[in-house]
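Trainee: Please find one structure pasted underneath; my questions will follow.
The values are calculated or read from the model by the stated rules, or taken from the named source; none is laboratory data. For clarity, every value in this text was computed on a predicted model and none was experimentally measured. Note that each Cβ is placed from the backbone with ideal geometry, even for glycine, and that neighbours are counted across all protein chains shown.
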Amino acid sequence: MTLRPLTEAEITDIRHKLHQLESEHRELDRNITHLDQLTNADPLLIRRLKKQKLALKDRILVLRHMLNPATGD
């Protein structure tokens, strides 16, 4: 199977989605940090947010690889 190069429109869409996911990732990180500092924070909520953050990171890595398959960045 041969892969075709991405079109400019596809690259633009991927970059837009990547930016969006990176923003969500940063926001989750801030929320998790804030909750970790609270004494009465729900540990289950924190675990769920961390799981979401990891899932976002995985999606970000996939998109980065699509933009630069040689290095995965």
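Trainee: Does Thr71 qualify as being at pLDDT below 95 and of a type in the set (Val, Ile, Thr)?
Mentor: The answer is yes for Thr71.
Trainee: Turning to a different aspect of this structure: Do we find a residue being under 30 Å from Pro5 (Cβ atoms) and either surrounded by 13 or more Cβ atoms within 10 Å (Cβ to Cβ) or modelled with pLDDT under 95 (or both) anywhere in region 31-51?
Mentor: no
Trainee: Suppose we filter region 4-22 for residues that are of a type outside the set (A, V, I, L, M, F, W, C), part of a helix (DSSP H, G or I) and free of Cβ contacts under 8 Å to residues at least 40 places away in the same chain; how many remain?
Mentor: Summing the residues that are of a type outside the set (A, V, I, L, M, F, W, C), part of a helix (DSSP H, G or I) and free of Cβ contacts under 8 Å to residues at least 40 places away in the same chain in region 4-22 gives 8.
Trainee: Just give me the residues in region 23-73 being in contact (Cβ under 8 Å) with a residue 24 or more places away in the chain and charged (D, E, K, R), in sequence order.
Mentor: Glu24, Asp29, Lys53, Lys57, Arg59, Arg64
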